[in-house]
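Okay, structure first, notes after.
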Amino acid sequence: MAHRVFAGERLVVASHNRGKLREIAALTDSLGLVTLSAGELGLPEPEETGKTFAENALIKAHAAAKRANLPALGDDSGLAVEALNGAPGIYSARWAGPRKDFAGAMDKIETMLADRRATGARDRKASFICALALAWPDGHVEVFEGSVAGRLVYPWRGRQGFGYDPMFQPEGHAQTFAEMAPEEKHEISHRARAFAKLMRQVFQGSRDVGTQARQA
Ligand code: IMP
């Protein structure tokens, strides 16, 4: 099916997560759009009842597009640890609890791996996954996914980024996401890769995003 081309001037970013908003702002920067966050529009956070990243991204995008009567971009993302059968996955934010305790969430991953005696090099394999859904007020939606493979490090390293970034070292890199400059993470991240697909199909690839992400 043909993709719908984005022709508007205003876009709602359907997230209340400051780390995501910062990264999405950097990615949408070159589009010359007016972007409005769900928070500044006073939109509520819908319940994430989906079973997949794509379903949850759709829930967020649809809810915001309807409420704001504008196209809205929803992001659902998380960390999938192979030796934990993909956990925390879509529950990545929930593992940190209402106090957003990501140190605790990273400790929990390490404890669970130890409890399962998953202590080999192969057990450190993980990936970040991001689904981006762009919904229009008339109900049309476009969904794109991106992922990046890597390994878990513990103790974690770095202070940049957000969430599980300090524990994640992308394949082929010596630094964790939290040790990288934001621009470096944007070259290879799951979010940038999903965004590159969105750009190609919906914004017709007319603007620049990270070169490696564009090839993904
Ligand atoms: P949700 O998509 O709002 O359910 O939350 C996704 C959660 O996954 C975030 O709160 C982070 O914990 C984690 N996450 C998603 N993307 C990233 C990232 O780029 N770096 C670190 N953590 C991330």
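The values are calculated or read from the model by the stated rules, or taken from the named source; none is laboratory data. Nothing here was measured: the structure is a model prediction, and the numbers come from that model. Because the Cβ atoms are built from the backbone with ideal geometry, glycine has one as well, and the counts that use them run over all protein chains shown. Ligands, DNA and RNA are excluded from the accessible area calculation, which covers all protein heavy atoms including side chains. Shrake-Rupley method; radii C 1.70, N 1.55, O 1.52, S 1.80 Å.
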Worksheet item: With θ set to phi - 60° and the Karplus curve 6.51 cos²θ - 1.76 cosθ + 1.60, what are the ³J(HN,Hα) couplings of segment 73-82 in order, to the nearest whole Hz, using x for Gly and Pro?
Response: 10, x, 10, 10, 8, x, 9, 10, 9, 4
Fill in: In Å, descending, principal axis extents of the Cα set of segment 31-108
41, 26, 23
Worksheet item: Taking trypsin sites (Lys or Arg not before Pro) as exposed when DSSP calls them loop (any state but H, G, I, E, B) and at most 10 other Cβ atoms lie within 10 Å, what is the longest stretch of the chain free of them, the sites themselves excluded?
Response: 160-216
Worksheet item: If only Cα atoms are counted, what is the Rg of segment 71-216, and what is its Dmax, in Å?
Response: 15.9, 50
Discussion item. Can you tell me how segment 138-188 classifies by the Cα gyration tensor, rounded, prolate or oblate, using a/c under 1.5 as the rounded cut?
Written reply: prolate
Fill in: Axial C-alpha extent at least 20 Å, average Kyte-Doolittle at least -0.5 - helices from the chain (DSSP)
53-68
Worksheet, complete the sentence: When every protein chain stays in place and a 1.4 Å probe is rolled, S37, S30, S189 sorted by accessible area with the largest first are S30, S37, S189
Worksheet entry | Cross-link reach list, aspartates and glutamates versus K125, counting only Cα pairs under 20 Å and skipping chain neighbours closer than eight places | E82, D107, E110, D115, E145, D165, E171, E179
Discussion item. Quick check: the distance between the Cα centres of segment 1-67 and segment 90-153, to the nearest angstrom?
Written reply: 19 Å
Worksheet entry | With every protein chain in place, segment 1-111: carbon and sulfur % of accessible area (1.4 Å) | 51 percent
Fill in: q = 0.19, 0.20 Å⁻¹: log10 I(q)/I(0) that the Debye formula gives for segment 1-158, counting C-alpha atoms only
-1.16, -1.24
Response to the item:
Relative contact order as a percentage, the chain, C-alpha pairs under 8 Å and 6+ apart, gives 19 percent
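Ranked from the most accessible area to the least, with a 1.4 Å probe and all protein chains present, what is the order of W95, W156, W136? Don't skip to the answer; put the middle values down first.
On the way: W95 55, W156 85, W136 30 Å².
Ranking W95, W156, W136 by accessible area, largest first, yields W156, W95, W136.
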Worksheet item: lysines within cross-link reach of K60: Cα-Cα under 22 Å, excluding same-chain residues under 8 positions apart?
Response: K20, K51, K100, K197
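Once the piece of chain linking R122 and E55 is laid out straight, how much longer is it, given 0.36 nm per residue of separation minus the C-alpha distance between them?
Full extension from R122 to E55 adds 21.2 nm.
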Discussion item. Tell me the per residue accessible area of the chain using a 1.4 Å probe; a whole number in Å² is fine.
Written reply: 50 Å²
